[in-house]
Amino acid sequence: MNREFKIKICGLTDPEDLRLCQELRIDFTGFIFHPGSPRYVSPEKVGEWSKENELRVGVFVDATVREVLDATSRAGLDMVQLHGGQDPGFCRELGAEMVIRTFWPERFQSSSSFEEELQKFTQVCSYFLLDAGRSMGGHGRSIACSWLEGVNSPVPFLMAGGLGPDNLDPVLKTQAAGVDLNSGVEKGPGQKDHEKIKKAVNKLRGMK
């Protein structure tokens, strides 16, 4: 590898899993604040957990701007990941430096139509996140788009979609700035597999 990937571990529900991420110097730790998710955790609980050098990210689906800001304060978030198709105005209200906005490439027929959509969010996001399926998350599989390798994004993007230690090679061929690991490094929803995390991290950092 000739670049350093950013690594995000999402769906954290346990302080022991968080501690491992801190020991491994993971870049982003993610917490899902959508009550319908099997990986839901409350902002209050996250706010009780120690934070080191990682950036703490809260995942929101259908919350209002006010609710996002309130949870940001209670959980001690550095950034928010918008996973509900929020428009550029919503992102702008939160501030571009705060926002990771999720997109679903499988909704689009070509890289050009997808890139056209990304352009609308150039000024209002710090990162994009590309996920499998056509909405929401937790599909547990890779993104099924033959044209993804050639996508040019106006801001850095993270790749998600059932990623774990054994299916990272296609991601390394894209222009992704990093990855979002969740179900692919779990024993069950919200229960992280420490060995899978270590193996994935070693691969992404170019270790044997």
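A short reminder: the numbers here are calculations on the coordinates, not readings from a lab. Because the structure is predicted, anything quoted here is derived from the model rather than measured. No Cβ is skipped: glycine too gets one built from the backbone with ideal geometry, and neighbour counts run over all protein chains shown.
Observations, loosely collected:
- Each peptide in 4-12, 51-59, 66-74 gets a packing score, the mean of other Cβ atoms within 10 Å over its residues, and the list from highest to lowest is 4-12, 51-59, 66-74.
- Charge dipole (debye, nearest 20) of the chain; +1 at Cβ of Lys and Arg, -1 at Cβ of Asp and Glu: 440 debye
- Close amide-amide hydrogen proximity is noted between residue 55 and 28, 29, each under 5 Å apart and 5 or more residues distant or on a separate chain (H modeled in the peptide plane; Pro and chain starts excluded).
- For the pair segment 22-62 and segment 154-187, the centres of their Cα atoms are 18 angstrom apart.
- The fraction of all Cα pairs in the chain landing in successive 10 Å bins from 0 to the largest distance is 9, 38, 39, 14, 0, given as whole percents.
- Rg ratio (alpha-carbon, reference 2.2 N^0.38 Å) - segment 82-134: 1.07
- Net charge of neighbours whose Cβ lies under 10 Å from the Cβ of residue 28, counting Lys and Arg as +1 and Asp and Glu as -1: -1
- Span-like helix ranges in the chain, DSSP H, alpha carbon extent 20 angstrom or more, Kyte mean at least 1.0: none
- If you take all other residues with their beta carbon under 11 Å from the beta carbon of residue 190, and give Lys and Arg +1 and Asp and Glu -1, the sum is 0.
- Student exercise, segment 1-90 dipole from Lys, Arg, Asp, Glu Cβ charges, in Debye to nearest 20: 140 debye
- Restraint check, 8/51; 6/198; 51/203; 51/199; 6/203, Cα-Cα greater than 20 Å: 51/203; 51/199
- Residues whose amide H falls under 5 Å from that of residue 81, counting only those 5 or more places apart or on a different chain, are 58, 59, 60, 100, with hydrogens built in the peptide plane.
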